[in-house]
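Written below as structure tokens is the structure these notes are about.
What follows draws every value from the coordinates through simple rules; no lab data is involved. Here the structure is a predicted model, which is why all the values come from computation and not from measurement. With ideal geometry, Cβ positions are generated from the backbone for all residues, glycine too; neighbour counts draw on all protein chains shown.
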There are 2 protein chains.
Amino acid sequence: MNTPDDARPSRPGRRPGSSGTRDAILTAARERFARAGFDKTSIRAVAADAGVDPALVHHYFGTKQQLFAAVVELPIDPEIVLQQVDATPLDELGETMVRAVVSLWDSPEGAGAVALLRSLVAGGEVSLVRDFLLSVVFERIRSRIATDADDGRLRVALAASQMAGVAVTRKILRVGPITDLPVDQLAAAVGPTLQRYLTGDIGKGSPDHSEP
Amino acid sequence: MNTPDDARPSRPGRRPGSSGTRDAILTAARERFARAGFDKTSIRAVAADAGVDPALVHHYFGTKQQLFAAVVELPIDPEIVLQQVDATPLDELGETMVRAVVSLWDSPEGAGAVALLRSLVAGGEVSLVRDFLLSVVFERIRSRIATDADDGRLRVALAASQMAGVAVTRKILRVGPITDLPVDQLAAAVGPTLQRYLTGDIGKGSPDHSEP
């Protein structure tokens, strides 16, 4: 519809210049994340690069994780899924993760996440997003399952492999039986795989098969 | 090196015109596969489209499956993996498939297969290659596990999802713990997943959970 509102700027509440500051922070963050990786980038360093106070970076973007999500144009705040996962007992992680992640992909915002995976696989900022997934998303789960004998890195990577495969077959290649399966049935079928990868027997190096 | 051979045509054994015939068959096959799908395309129809005898199509390309592999520039003859899988007892399918497929990806020819997956995911001839995988590669396994109560379609699709995920994490995103894992350990970790998807309990609809 052609209402008078259409002629107005899209961010009427902003002070003049605030968009420039926000963009300067994003540019500085993009360059530093790409150069130093997710782990070694601090809000303080990004603020220094952009010539602003760190408080302003927090004001515009929130946490470092949220700043990163803005840089790679992640359409979803990963915190939403992570909080669900945090609240789940270890022995129910598998089904819960499948249900939470697939429900997210199937949501309207999920289309953006799938587009991101597609461009990633096609050769986008692979290493940066991979580091982010490993540093933030999987690290939260890894720290819960790690023991003295097993740091859990392979376990979360195996879980990630199955979730990546569900994403590719359900949302990109659109393999009928996977694409058409209700999320509950998908969680029932795939959940036990993630559960075994995270807390069960994964062969050599896992609790049941540890070497002497 | 600049030997006289460099100046010669790359296919010295060919009769003049044979390359044109071969290309005409490829073009006809590409168009018909794209229009009719893998299942409904016959060698006879491709030959008719190209204005040649069906025997010539077989002569240049072999089976319909091999013709398709040429059309999508599949770097590997899938028959090689399929024969390994055919010779494996049902209860060892999981580990054998992981070992066979991952060994192939890790081989020099595998680089081409990974490039194909990458372009597929990025938006290439998705439906065509998906149909091929489902009609040929997975169909051979599905026909072995199908029962009166379960046609096995979901089972092979789930197995495909895990293999797609291993491909993406090991070869494309290069997630350290998966990329660095020797094929034997990967088969030990991931094999049981494929085995359960193919012959075990996958929730609702599987033998252990069939509805009344």
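Quick notes on this one:
- Charged neighbours of B:LEU93, selected by a Cβ distance under 12 Å, balance to +2 (K, R count +1; D, E count -1).
- Excluding same-chain neighbours fewer than eight residues apart, the aspartates and glutamates reachable from A:LYS171 by a Cα-Cα span under 18 Å are A:ASP106, A:GLU109, A:ASP180, A:ASP184, B:GLU125, B:ASP131.
- Cα-only Debye scattering, segment B:79-201: base-10 log of I(q)/I(0) at q = 0.16 Å⁻¹: -0.78
- Charge tally for B:GLN66 (other residues, Cβ to Cβ under 11 Å; Lys, Arg +1; Asp, Glu -1): -1.
- FRET efficiency, 1/(1 + (r/R0)^6) with R0 25 Å, evaluated for A:HIS58 and A:ASP23 via beta carbons: 0.90
- Diagonalising the gyration tensor over the Cα atoms of segment B:17-71 and scaling each eigenvalue by 5 before taking the square root yields semi-axes of 16, 11, 10 Å, largest first.
- Scalar couplings 3J(HN,Hα) for segment B:136-148, obtained by applying the Karplus form with A = 6.51, B = -1.76, C = 1.60 to θ = phi - 60°, are 9, 5, 6, 4, 4, 7, 4, 5, 7, 9, 5, 10, 4 Hz; x denotes Gly and Pro.
- Footprinting exposure proxy ranking of B:ASP184, B:ASP131, fewest other C-beta atoms within 10 angstrom first, gives B:ASP184, B:ASP131.
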